[in-house]
1. Inside the range 21-34, can you point out the residues that are surrounded by 11 or more Cβ atoms within 10 Å (Cβ to Cβ) and either outside any helix (DSSP H, G or I) or out of contact with any helix residue (DSSP H, G or I) (no Cβ under 7 Å at 6 or more places or on another chain) (or both)?
2. Determine whether residue 4 is at pLDDT below 85, touching a helix residue (DSSP H, G or I) at 6+ places or on another chain (Cβ under 8 Å) and either part of a helix (DSSP H, G or I) or surrounded by 10 or more Cβ atoms within 10 Å (Cβ to Cβ) (or both).
């Protein structure tokens, strides 16, 4: 899922028929959620790199 800013989310919600007040609230909540998801993905990238390193070392010792 691509990251979208709150204005884009708001405009998409309004264009699909969502009332403006509800679209503002929903876009704000979804925008905050997107910011959190970007931080989590960055943290998970480091975990993946560490995991790949551990698997590589394990495989190197196993096949030696």
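The values are calculated or read from the model by the stated rules, or taken from the named source; none is laboratory data. Keep in mind the model is a prediction, meaning the values are calculated, not measured. When we count neighbours, we look across all protein chains shown, and the Cβ atoms used for this are built from the backbone with ideal geometry, even at glycine.
1. Narrowing the range 21-34 to residues surrounded by 11 or more Cβ atoms within 10 Å (Cβ to Cβ): 22-32, 34.
22, 25, 29, 32, 34, listed by residue number.
2. On the way: at pLDDT below 85: yes; touching a helix residue (DSSP H, G or I) at 6+ places or on another chain (Cβ under 8 Å): yes; either part of a helix (DSSP H, G or I) or surrounded by 10 or more Cβ atoms within 10 Å (Cβ to Cβ) (or both): yes.
Considered against the rule, which asks whether it is at pLDDT below 85, touching a helix residue (DSSP H, G or I) at 6+ places or on another chain (Cβ under 8 Å) and either part of a helix (DSSP H, G or I) or surrounded by 10 or more Cβ atoms within 10 Å (Cβ to Cβ) (or both), residue 4 comes out as yes.
So that you can scan it fast, the table gives a plain yes or no per residue for (1) in contact with a strand residue (DSSP E or B) (Cβ under 8 Å, 6 or more places away or on another chain); (2) free of Cβ contacts under 8 Å to residues at least 24 places away in the same chain; (3) loosely packed, with under 10 Cβ neighbours inside 10 Å; (4) assigned to a helix (DSSP H, G or I):
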site: 17; (1), (2), (3), (4): no, yes, yes, no
site: 51; (1), (2), (3), (4): no, yes, no, yes
site: 55; (1), (2), (3), (4): no, yes, no, yes
site: 60; (1), (2), (3), (4): no, yes, yes, yes
